[in-house]
Every structure is written in structure tokens, then in C-alpha cells.
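Colleague: Here it is: the structure, laid out below.
The values are calculated or read from the model by the stated rules, or taken from the named source; none is laboratory data. This is a predicted model, so every value here is computed, not measured. Every residue, glycine among them, receives a Cβ derived from its backbone with ideal geometry; neighbour counts consider all protein chains shown. Side chains are part of the model used for accessible areas, which takes the heavy atoms of the whole protein and leaves out ligands, DNA and RNA. Shrake-Rupley method; radii C 1.70, N 1.55, O 1.52, S 1.80 Å.
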Amino acid sequence: MKNFIFISPNFPTNYWMFCRELKKNGLNVLGIGDQPYDELSSDLKNSLNEYYKVSNLENDDEVYRAVAFLAYKHGRIDWLESNNEYWLERDARLRTDFNIRSGFQEWDIPHIKFKSKMKEFYIKAGIPVARYHMVDKLEGALDFVKEVGYPVVAKPDNGVGASHTFKIEDEAQMKEFFQLKWPDTPYIMEEFVNGEVNSYDAIIDSKGEPMFETGNVTPMSIMDIVNNADNSIYYILKDLPEDTRAAGRATVKSFGVRSRFVHFEFFRLTKDQEGLGKKGDIVALEVNMRPCGGFTPDMIDFAHSTDVYKIWADMIAFDRSTMPIGEHSYCAFAGRRDGKDFVMSHADILEKYGANMKMVERIPDVLSGAMGNQMYVAIFPSKKELDAFYQDILQCNE
């Protein structure tokens, strides 16, 4: 029986389903988390063979000791994973320390976590990238703007989501950025790309081949949603465009991805942009070597009548999928921000779209910055119906 350590299996709250499918596939599933065992859901408890509680998952030494204990008790650890961007670096260090070869090692981290390092691998894959400047002094940033023009975007080179990301539109904002940026954090500054985010989401086998592929579209900038406390929308595509599929597969090869669930982000240009391409072309944004966040795995399941938790666990256990893909639809996410004067009330939405609705929940505060406060997930057979749903759900009284 293979031993699988799952880090933080209780958060995000849907990740217990990865553990459930691993256990169903015959793996010995060992969880490490900082939530007391008695507070875990019964679903998660039933999905684990053993749970080791640490006082703080941020304490690397404590988590190291937890892995050591589980290895001593159960024998060699075959897999260690959190499927979580926040723990990606620590996962890699633990694999390296305990000689767990089934995943990224510590030396792999720079090119999969640092946005500046990703660019050379995208270029190797033949995908255009935005010009960039590693932030040093104000003079250097102003010289970069002379080359690419305003606006520019500045963000931590090794960051999660849109946290502490700045859109800079003039010299006054540039000076303000230098006052507000975190002092000891390396920042990357990039030319602004006029595009909407299109993703490639896939489960990749041990040979670097896709077992399952889909994608989503985010019409609104996550950066703007966070910075402006706006509503949030994105949707799973009914069918993955061939250019996104080709770009995703080329990126998999360039980065040497094996045995992972991945979420790669690209811009699809909304107008011609010198040095990047024509309207509609694909441009690199960033790689994420884990599933798309929040409830996206569930949305993928709704869109394709499938179970990506099982497909991922099949990849771990069998290196092939035993899960058929069913009928395809669009799956919409809408996250409404509290305090806005919406035309349609919560009750109105449920009455009109109840037959389409798959999930209706409050979003945890830790995720609300990028996702809004009240979420609705619904499926639609056509883009026209999807667009009408968004128009209804987001319209505010003037």
C-alpha cells in the first residue's frame, strides 16, 4: 500500500474529496493539519487513515517532525502534496528532505514560483511574454516606462493571486507605489497587457501527457476585483479552444510537468499589441502547479459531468483515468460583493435560475477579497444564456 501525505486536507474545504478518492483507490492517506481532529468534518475523517495535528502549519520544523513520525510509523512516503499554492515551496522542501521523488523538488521551485523565471520557459515553448523590469530604484522604473509606456503592472515576483498588485498609470502613482510596496520583497514590473485571462487546466500523467483538459475565462481582472472590492465572475468553458490547448501542452513540456494537476494562465489579447500579437492571440501570464483555486474543481465537474478529484487520484494510483467525461456545459461563477444595490435580490436569483444552480454559498472571508462575499455557481448550455445570467446577477440600481 502506497503512503500519501496530504498537507492541510481540511482547507480549502472541498479538498477532503481528493483524500476520499485516494483512499478509495487503495492508498494509505495520512493528513497533516492544524485543526483539532474533533473539529474535522466526518467526511474528511472517513477519508483519512491517520491524522497528525500540528499546532501551526506555518512552523516548518513542526511539520517536518510530523512527516518524520508518519514515515517512521508507516514506512517510506511515496507521495506528499497539498495541491495548494501557499504550501508549494514547503511541499518541495519536504519531498527533497525525505527523498520523495514523485513531485517537484526544492531546486525546481524558482522557475515555477518566480514570475520572472517563468518567462524563459514560456519563451522556450514559443509563447510571447510581456516585457518586464525587476524593480530596483524609481529611476530604473521610469526608464522602463519610457520603453513600454503607461500603464504598467507591479507585483511581488513570488506572490499568490493578486495580493499587493499595483496598476500604475502615471508618474505620481509610480512614486506612490515606491512608498507602498513591501520593502524587503522583490517586485516585477511588466508592460500592461490588454487581454482577458484564459486558463488551461489539466491533470498530467507521469509521462507529461494530459489525462484531462479544460479551461476557464475570467473577463474581469482579479487585480481590479481585489483593489476595487468589485464583484467577481469567471466561467468554465464548454469546449477548450485549440489554441489554448496547444499553448497549455507546450507549457507542460517546457516546464517538465509530471503527475500534477495544473492551472496555467494566459492572456487572450483584446486588441492588437506591438511585440505581443494580434487581437485574439495567446500571451503568457503565469503557471500555477496546482488546481485552480476556490470551488473551481467542483465547477469543472459540473461543466463536464465528471469528477476531477477521482481523475487526479486515478493519476496518483494508476497513472491513467478510469472516469468517463460526460455532457459539456458552461459553468458560471458569480461572486457578489456585500453592500451593493443589486437589481435582483438573492430570492429573485434563486427563483429565476434555480434549475441551473449548482452551488449557493457564502464565501469564506479568507477568499472573499478575490471572489466576493456571496457566490452562485450555475450551468448553461449556451454562451448566450451564460451572458444573460451575468447581466441579471451583476446589474445594480443607479
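Colleague: Apply the Karplus curve 6.51 cos²θ - 1.76 cosθ + 1.60, θ = phi - 60°, to the phi angles in the range 321-326 and return the couplings in whole Hz, x for Gly and Pro.
Modeller: 8, 10, 10, x, 9, x
Colleague: Given H placed on each backbone N at 1.01 Å, which residues far from Lys2 in sequence or on other chains put an amide H within less than 5 Å of it?
Modeller: The list, which skips near neighbours in sequence, is Asn28.
Colleague: Something else about it: Between Glu385 and Glu351, what FRET efficiency comes out of the Förster formula 1/(1 + (r/R0)^6) with R0 = 25 Å and r the beta carbon distance, rounded to 0.05?
Modeller: Efficiency for this residue pair is about 0.95.
Colleague: Additional query: Which whole-number percent is the relative contact order of the range 290-398 (Cα, under 8 Å, 6+ apart)?
Modeller: Normalised by residue count, the contact order of the range 290-398 is 29 percent.
Colleague: Under a 1.4 Å probe, what is the accessible area of the range 98-224 per residue, stated in Å²?
Modeller: 45 Å²
Colleague: Post the alpha-carbon centroid distance, the range 267-310 to the range 54-83, in whole angstrom.
Modeller: The two parts, judged by their Cα centres, are 32 Å apart.
Colleague: Something else: Using the Cα atoms as the points, what is the convex hull volume per residue of the range 263-310 in Å³?
Modeller: Looking at the range 263-310, the number lands at 93 Å³ per residue.
Colleague: Further question on the same structure: Which percent of the accessible area of the chain is formed by carbon and sulfur heavy atoms (probe 1.4 angstrom)?
Modeller: Looking at the chain in its full context, I get 49 percent from C and S.
Colleague: Using per-residue counts of other Cβ atoms within 10 Å, averaged over each peptide, order 97-106, 192-201 from highest down.
Modeller: 192-201, 97-106
Colleague: Gain in length, Asp184 to Phe318, computed as 0.36 nm per residue apart minus the alpha-carbon separation, to one decimal in nm?
Modeller: Contour length minus Cα-Cα distance gives 43.8 nm.
Colleague: Ordered by packing density, taken as the mean number of other Cβ atoms within 10 Å over each peptide's residues, highest first, how do 327-334, 389-396, 366-373 rank?
Modeller: The densest-packed peptide leads the list: 327-334, 366-373, 389-396.
Colleague: Then there's this: Please list, ordered by chain and number, the residues whose modelled amide H lies under 5 Å from the amide H of Met211; skip anything fewer than 5 residues away on the same chain.
Modeller: Under 5 Å from the amide H of Met211 lie the amide H atoms of Ile203, Ile204, Asp205, each far enough along the sequence or on another chain.
Colleague: Near Lys113, within a Cβ-to-Cβ distance under 10 Å, what is the net charge of the other residues, with Lys and Arg +1 and Asp and Glu -1?
Modeller: So the surrounding residues net to -3.
Colleague: When all C-alpha to C-alpha distances in the range 49-167 are sorted into bins of 10 Å, what percent of pairs does each bin hold, rounded to whole numbers?
Modeller: Each 10 Å bin holds this share of Cα pairs: 11, 32, 27, 17, 11, 3, 0.
Colleague: What number comes out for accessible area per residue over the range 1-64 if the probe is 1.4 Å? Units Å², please.
Modeller: Heavy-atom accessible area per residue stands at 44 Å².
Colleague: How large is ³J(HN,Hα) for each residue in the range 61-70, as worked out from phi by the Karplus curve 6.51 cos²θ - 1.76 cosθ + 1.60 (θ = phi - 60°), to whole Hz, x for Gly and Pro?
Modeller: Along the range 61-70, the couplings run 5, 5, 5, 4, 5, 5, 5, 4, 4, 5 Hz.
Colleague: Moving on. What does the charge count near Ala303 come to, summing +1 for each Lys or Arg and -1 for each Asp or Glu among other residues with Cβ under 11 Å from its Cβ?
Modeller: -3
Colleague: Right, next: Using only C-alpha positions, report the orientation-averaged shadow area of the convex hull of the range 172-324, nm², one decimal.
Modeller: Here the figure is 11.2 nm², rounded to one decimal.
Colleague: Show which lysines lie in cross-link reach of Lys117 when reach means a straight Cα distance below 27 angstrom and same-chain residues fewer than eight apart are skipped.
Modeller: Lys137, Lys146, Lys155, Lys167, Lys175, Lys181, Lys207, Lys253, Lys271, Lys278, Lys279
Colleague: So, one more: What's the magnitude of the charge dipole for the chain around its Cα centre, counting Lys and Arg as +1 and Asp and Glu as -1 at the beta-carbon? Answer in Debye, nearest 20.
Modeller: Dipole size: approximately 1140 debye.
Colleague: Please give the Cα centre distance for the range 173-210 versus the range 327-379, rounded to the nearest Å.
Modeller: 26 Å
Colleague: Same structure, new question: When the C-alpha atoms of the range 255-355 are aligned to their principal axes, what extent does each axis show, in angstrom, from largest down?
Modeller: 48, 44, 26
Colleague: So in the chain, what percent of DSSP beta bridges are antiparallel if you round to the nearest 5?
Modeller: 80 percent
Colleague: I've got another one for you. What is the local net charge at Arg93, summed over the other residues whose Cβ is closer than 9 Å to its Cβ (Lys, Arg +1; Asp, Glu -1)?
Modeller: Every neighbour counted, the sum reads -3.
Colleague: Taking 0.36 nm per residue of sequence separation and subtracting the Cα-Cα distance, how much length would be gained by fully extending the chain between Asp365 and Arg76, in nm to one decimal?
Modeller: 100.3 nm
Colleague: Per residue and in Å³, how big is the convex hull formed by the alpha-carbon atoms of the chain?
Modeller: 155 Å³
Colleague: With θ taken as phi - 60° and the coefficients 6.51, -1.76 and 1.60, list the Karplus ³J(HN,Hα) couplings across the range 44-56 in order, rounded to whole Hz; mark glycine and proline as x.
Modeller: 5, 3, 6, 9, 10, 7, 7, 10, 10, 8, 9, 6, 7
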